[in-house]
Amino acid sequence: MKELDEERLHYIETLKKESPFLAKVAAINTYLSYHNHGTSGETELDYFGTKYFQLVDWNDPDYEYNAWVFEATKDYAQTLANIKLPVDQQKNFIDLQLSKIPQEQRTYMLALGGMIAGLQSGKSPLMATYAKKYIEMYGAKYPEAAAQLKNAVKATSSMMPGAEAPDFTMNTPDGQPLSLKDLRGKVLLIDFWASWCGPCRRENPNVVKAYKKYHDKGFDVLGVSLDKDKK
């Protein structure tokens, strides 16, 4: 691992002489191992969160039109989301990285966009937080991108705890249309199931038990079958 890190650093130094632009591309895509570069008392998670871009000089104007800024920050944010890091820790790390980039530079916009894309891919609720920031900062200049983000935030937010669920309409077993909005005002469990789903069938008695116990208190169940055969 140490030799590999040394080879990576040597490669970047060589590129600085032969092709400075490619050296910057290599720098933003080079992550040095924690075991060889972590400090005493520093956890591997903290090292990853704070040192991921340690070889990058964010003040360098060449990064303003470097597509790898978007790709690298996307990978970084998606990793934070995929490892199920608590949201507050995700935010602390992302804010730290963004704070190193001058906001007046285009690089900041690329990095912010990359973070948003990574958080969205990792299904992190923070996606909405940074999308709103992007809209505030760049919405006037890039209205189409802002509109797309607004739609993405709306779709993402509807799936977050405490948010209003998107309405839908399906037919009941007797062929009558039923909308989710028809059941507003109740504590509702939307139970997606199928006859071929073993775990669903095993859980069904518990759903029935909960319904009988709490129905008088305003609890209801909307069962949505995924079976293709209506029979």
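The values are calculated or read from the model by the stated rules, or taken from the named source; none is laboratory data. All of these numbers come straight from a predicted model, not from anything done at the bench. We place every Cβ from the backbone using ideal geometry, glycine too, and count neighbours over all the protein chains shown.
Report the residue count in the range 1-13 for those that are loosely packed, with under 13 Cβ neighbours inside 10 Å, outside any loop (DSSP other than H, G, I, E, B) and either in contact (Cβ under 8 Å) with a residue 24 or more places away in the chain or β-branched (Val, Ile, Thr) (or both).
Initially, the range 1-13 is screened for residues loosely packed, with under 13 Cβ neighbours inside 10 Å, giving 1-4, 6-7, 10, 13.
Subsequent filtering for residues that are outside any loop (DSSP other than H, G, I, E, B) retains 2-4, 6-7, 10, 13.
Restricting the remaining residues to those that are either in contact (Cβ under 8 Å) with a residue 24 or more places away in the chain or β-branched (Val, Ile, Thr) (or both) gives 2, 4.
Looking only at that region, the number is 2.
Name every residue in the range 181-196 that is in a loop (DSSP other than H, G, I, E, B) and of a type in the set (A, V, I, L, M), in order of residue number.
Within the range 181-196, just Ala194 meets the criteria.
Name the residues in the range 22-44 that are surrounded by 12 or more Cβ atoms within 10 Å (Cβ to Cβ) and either more than 29 Å from the chain's Cα centre (by Cα) or in a helix (DSSP H, G or I) (or both), would you?
Going residue by residue through the range 22-44, those that are surrounded by 12 or more Cβ atoms within 10 Å (Cβ to Cβ) are 22-34, 36-38, 42.
Scanning the range 22-44 gives Leu22, Ala23, Lys24, Val25, Ala26, Ala27, Ile28, Tyr34, Asn36, His37.
Note on the range 197-221: residues that are out of contact with any Leu (no Cβ under 6 Å at 6 or more places or on another chain) and not in a helix (DSSP H, G or I) total 3.
For beta carbons closer than 9 Å, sequence separation of 6+ or different chains, a first residue in the range 165-192 that is without any contact (Cβ under 8 Å) to a residue 60 or more places away in the chain and a second that is of a type in the set (Asp, Glu) and in a loop (DSSP other than H, G, I, E, B), the qualifying pairs are Ser179/Asp167; Leu180/Asp167; Lys181/Asp167. Is there a residue in the range 148-156 that is without any contact (Cβ under 8 Å) to a residue 24 or more places away in the chain and under 25 Å from Ser225 (Cβ atoms)? There is at least one residue in the range 148-156 that is without any contact (Cβ under 8 Å) to a residue 24 or more places away in the chain and under 25 Å from Ser225 (Cβ atoms). Residues in the range 85-107 that are surrounded by fewer than 21 Cβ atoms within 10 Å (Cβ to Cβ) and free of Cβ contacts under 8 Å to residues at least 40 places away in the same chain: Pro86, Val87, Asp88, Lys91, Asp95, Leu98, Ser99, Gln103, Glu104. Criterion first (modelled with pLDDT of 95 or more, surrounded by fewer than 16 Cβ atoms within 10 Å (Cβ to Cβ) and either under 20 Å from Tyr138 (Cα atoms) or of a type in the set (D, E, K, R) (or both)) does Asp57 satisfy it? Yes.
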